[in-house]
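Accompanying notes for the structure given below.
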Protein chains: 2
Amino acid sequence: MESCSKCGDPKIIIKRKQSGQALCKNCFIENVQKKVIKTIKKEELINKGDKILVALSGGKDSVALLDILYTFYEKKVIDLCAVTIDEGIDKYRDEGVKIATDYAKELGIEHEIVSFKDSFGLTLDEIMANHNHRGSCSYCGVFRRRIINKSAEKLGADKIATGHNLDDETQAILMNYLEGNINNLSKIGPKIESKVFTPKIKPLREIPEYEVGLYGVAKDLNVHRASCPYANTSFRMEISKVMKQLSENHPTIMYSTLKGFDKIKIAIKNQYSNVNSFGKCEICGEPSSGSLCQACSFLKELQFE
Amino acid sequence: MESCSKCGDPKIIIKRKQSGQALCKNCFIENVQKKVIKTIKKEELINKGDKILVALSGGKDSVALLDILYTFYEKKVIDLCAVTIDEGIDKYRDEGVKIATDYAKELGIEHEIVSFKDSFGLTLDEIMANHNHRGSCSYCGVFRRRIINKSAEKLGADKIATGHNLDDETQAILMNYLEGNINNLSKIGPKIESKVFTPKIKPLREIPEYEVGLYGVAKDLNVHRASCPYANTSFRMEISKVMKQLSENHPTIMYSTLKGFDKIKIAIKNQYSNVNSFGKCEICGEPSSGSLCQACSFLKELQFE
């Protein structure tokens, strides 16, 4: 009978297809934490004394991320705060907001909730009911990024940590390979720094989605497990299926995609160094490469439809 | 009723999903030829006076390629010759060899047939019956490349033209993105030059597979339409299915993948400039980056199994 590859415990909770390794609950938890710490060190994601803002949706990724970063907070290596965004998605978002709020309170960290409605005057449901020439994820991504950047500034955060896992990251890479979008590719990576925005870090980037989900179960974390009702319509969902399908026969394919991309990224960065000079958006005054930032240009579009 | 977007002929043979363009037989033929000539000019694939060796399997791609290059030969812009490789695949290869031979004779161009058996002492069937720790395509690719390079030298060719179409090219790109193989990516492109081998060119690189096949039908070319019996087992076949599936909803996805890759390729080339210093293979004396060339290292492996 199979037992834990680390400690011999006969009660295993995962057998990794990519390595054949079997792990019991405690060894799995420890292993995931160690891997995340390894990513943090290798990519120099966090400095001692950093105030980290966690983008906390209440889903499995951001809850696991906060759980792991909290160990640094407990040891007083970093300061922590969190922001939860209420996009206004009926029968979906409320539960996530509640879980996030409860968890932040339980940990005793600074937490704020910001809604699309308060920030932009429209919920995502209202946007999608009245306008449909862009995908929901386009609107949502731009507006969410805006809120997160503003929160980071307001709360004085040094870094923004997001829960992107290995699946998320390789999906983004593959989507942009297929769309031939070099500019977007240059913005993917473990740490995204820019002259005008708070740096973004992705500590879970090398952990597969399945394992992030299992981590939450193993640690008995309360997690919002529902899927966004808009997700099915996206190109990302198609690509997600493709990657999952290929991973069946090729269990290391996401790792090799990520490794290859990280090499390509260096080349892209040196070849096409970002020549975007940031000015200020004419409407909101936020940093923008054009006369209008993307959020304001979307809002203008929505008003004139 | 739909009619040809160019001449109004009501008998159309293709309606392109990516552009909505409908074309009659003659306009389609002319359009494909023009596109290939555009690729040749843009990528500077051919110089006046070049002797071009076509790798002629007898399949739809290489036959269409030879058909188009023959127009340059007729105008005495280039000289042409062809090589057909007999890999030794029972109930498959003989028909292709016959079609290739007949076509070369019909056009009156220099043609040679070279077999794996004569070159390496083994047919592909024999390799695959006795050894299976590599995919058939790995052996076949390495041995075929060796034969083509040698033929080019022997026949004094300035360039080797292969029938790779848009699907082939984007499959190779995607495979290597997913495998994270930067070295292989650096060898993909419209014109592959090296210090030691005859340059390889891919004039059909921007024509989708379906259109290359249709070109053969439209021009009434005799073409070997069977598929290689070994193809189903390959990673390439999986990726081919993925790309076809994605193309259903995103008809321009192969073009955007190719365009994006061509930009990435420039960056890769500049970042990871090929530092391979070519020496000579200890066994056969052919150019090799290691002490043994890949063909000899495979042959050695096969002898010791």
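The values are calculated or read from the model by the stated rules, or taken from the named source; none is laboratory data. Remember, it's a predicted structure, so these values are computed and weren't measured experimentally. Quick reminder, even Gly has a Cβ in these numbers, built from the backbone with ideal geometry, and neighbours come from all protein chains shown.
Pull up the stretch A:231-284, narrow it to residues that are of a type in the set (A, V, I, L, M) and within 17 Å of residue B:185 (Cα to Cα), then point me to the one that is farthest from the chain's Cα centre (by Cα). Don't jump to the end; show me each part of the working.
If we filter the stretch A:231-284 for residues that are of a type in the set (A, V, I, L, M), which is where we start, we get A:231, A:237, A:239, A:242-243, A:246, A:253-254, A:258, A:264, A:266-268, A:275, A:283.
Right, trim to within 17 Å of residue B:185 (Cα to Cα) and you get A:253, A:258, A:264, A:266-268.
Details: A:253: 20, A:258: 15, A:264: 21, A:266: 21, A:267: 24, A:268: 22 Å.
Going through the qualifying residues, I end up with A:267.
State the number of residues belonging to the stretch B:123-160 that are of a type in the set (A, V, I, L, M), surrounded by fewer than 21 Cβ atoms within 10 Å (Cβ to Cβ) and either at pLDDT below 95 or closer than 21 Å to residue B:303 by Cβ (or both).
3
In the stretch A:253-300, how many residues are part of a loop (DSSP other than H, G, I, E, B), within 14 Å of chain B (Cβ to nearest Cβ) and surrounded by fewer than 15 Cβ atoms within 10 Å (Cβ to Cβ)? If you could, list the steps in order and put the result at the bottom.
Kept after step one, since they are part of a loop (DSSP other than H, G, I, E, B), are these residues of the stretch A:253-300: A:272-278, A:281-286, A:289-293.
Those still in the list that are within 14 Å of chain B (Cβ to nearest Cβ) too: A:272-274.
So of that shortlist, the ones also surrounded by fewer than 15 Cβ atoms within 10 Å (Cβ to Cβ) come out as A:273-274.
Going through the stretch A:253-300 one residue at a time, the tally reaches 2.
What number of residues within the stretch A:175-192 are in a helix (DSSP H, G or I) and at the interface with another protein chain (Cβ under 7 Å from one of its Cβ atoms)?
Going residue by residue through the stretch A:175-192, those that are in a helix (DSSP H, G or I) are A:175-179, A:182-185.
Keeping just the survivors that are at the interface with another protein chain (Cβ under 7 Å from one of its Cβ atoms) gives A:177-179, A:182.
Total satisfying the criteria: 4.
Within the stretch B:207-235, take every residue that is of a type in the set (D, E, K, R) and crowded, with 17+ Cβ neighbours inside 10 Å and give me the one that is farthest from residue B:128 (Cα to Cα). Walk me through how you get there before you give the answer.
Filtering the stretch B:207-235 for residues of a type in the set (D, E, K, R) gives B:209, B:211, B:219-220, B:225.
Of the ones still in play, those that are also crowded, with 17+ Cβ neighbours inside 10 Å are B:209, B:211, B:219.
Numbers: B:209: 28, B:211: 32, B:219: 36 Å.
So, considering only residues that are of a type in the set (D, E, K, R) and crowded, with 17+ Cβ neighbours inside 10 Å, the one farthest from residue B:128 (Cα to Cα) is B:219.
Going through the stretch B:125-161 one residue at a time, which ones are farther than 22 Å from residue B:52 by Cβ, among the aliphatic types (A, V, I, L, M) and within 19 Å of the chain's Cα centre (by Cα)?
B:142
Go through the stretch A:24-81 and report how many residues are touching a Gly at 6+ places or on another chain (Cβ under 9 Å) and in a helix (DSSP H, G or I).
Counting residues in the stretch A:24-81 that are touching a Gly at 6+ places or on another chain (Cβ under 9 Å) and in a helix (DSSP H, G or I) gives 8.
I'm checking my understanding of the structure. Among residues of the stretch A:211-247 that are of a type in the set (Val, Ile, Thr) and assigned to a helix (DSSP H, G or I), which one is nearest to the other protein chains (Cβ to nearest Cβ)?
The qualifying residue nearest to the other protein chains (Cβ to nearest Cβ) is A:242.
Under 22 Å from the mean Cα position of the chain (by Cα) and away from chain A (no Cβ under 12 Å): is that true of residue B:303 in this structure?
Criteria not met by residue B:303.
Of the residues in the stretch B:236-269, how many are farther than 13 Å from residue B:169 by Cα and hydroxyl-bearing (Ser, Thr, Tyr)?
2
From the set of residues in the stretch A:88-138 that are assigned to a loop (DSSP other than H, G, I, E, B) and among the β-branched types (Val, Ile, Thr), which is farthest from residue A:62 (Cα to Cα)? Before the answer, list the steps.
Kept after step one, since they are assigned to a loop (DSSP other than H, G, I, E, B), are these residues of the stretch A:88-138: A:88-92, A:108-109, A:121-123, A:131-135.
Checking which are among the β-branched types (Val, Ile, Thr) leaves us with A:89, A:109, A:123.
Numbers: A:89: 18, A:109: 14, A:123: 22 Å.
Checking each candidate, the answer is A:123.
Got a number for residues in the stretch B:115-153 being in contact with a strand residue (DSSP E or B) (Cβ under 6 Å, 6 or more places away or on another chain) and of a type in the set (Val, Ile, Thr)? Explain how you work it out, then say what you get.
Here is the first cut: in the stretch B:115-153, the residues in contact with a strand residue (DSSP E or B) (Cβ under 6 Å, 6 or more places away or on another chain) are B:115, B:144, B:147-148, B:151-152.
Next, only the ones that are of a type in the set (Val, Ile, Thr) stay: B:147-148.
Result for the stretch B:115-153: 2.
Pull up the stretch B:163-174, narrow it to residues that are of a type in the set (A, V, I, L, M, F, W, C) and at the interface with chain A (Cβ under 10 Å from one of its Cβ atoms), then point me to the one that is surrounded by the fewest Cβ atoms within 10 Å (Cβ to Cβ).
Going through the stretch B:163-174, the residues of a type in the set (A, V, I, L, M, F, W, C) turn out to be B:166, B:172-174.
Now drop any that are not at the interface with chain A (Cβ under 10 Å from one of its Cβ atoms), which leaves B:173-174.
On the way: B:173: 26, B:174: 23.
Of everything passing the filter in the stretch B:163-174, B:174 is surrounded by the fewest Cβ atoms within 10 Å (Cβ to Cβ).
Could we say that residue A:77 is under 19 Å from residue A:199 (Cα atoms) and touching a residue at least 24 places away in the same chain (Cβ under 8 Å) here?
Numbers: under 19 Å from residue A:199 (Cα atoms): yes; touching a residue at least 24 places away in the same chain (Cβ under 8 Å): yes.
Taking the combined requirement at face value, the residue satisfies it.
State yes or no: is residue B:58 surrounded by 23 or more Cβ atoms within 10 Å (Cβ to Cβ) and either of a type in the set (Val, Ile, Thr) or in contact (Cβ under 8 Å) with a residue 60 or more places away in the chain (or both)? Even if it seems obvious, please write down each step before you answer.
Working: surrounded by 23 or more Cβ atoms within 10 Å (Cβ to Cβ): yes; either of a type in the set (Val, Ile, Thr) or in contact (Cβ under 8 Å) with a residue 60 or more places away in the chain (or both): yes.
In short, yes.
Taking residue B:195 and the conditions (1) more than 27 Å from residue B:288 (Cβ to Cβ); (2) touching a residue at least 60 places away in the same chain (Cβ under 8 Å); (3) away from chain A (no Cβ under 13 Å); (4) over 15 Å from the mean Cα position of the chain (by Cα), which numbered condition does it fall short on, given that it satisfies the others?
(1)
Collect the residues in the stretch A:88-109 that are over 19 Å from residue A:67 (Cα atoms) and either without any contact (Cβ under 8 Å) to a residue 40 or more places away in the chain or not assigned by TED's automatic domain parsing to the domain that holds residue A:76 (or both), keeping them in residue-number order.
Within the stretch A:88-109, A:88, A:90, A:93, A:94 meet the criteria.
Kindly list the number of the only condition in (1) out of contact with any Leu (no Cβ under 8 Å at 6 or more places or on another chain); (2) at negative phi that fails for residue A:285.
(2)
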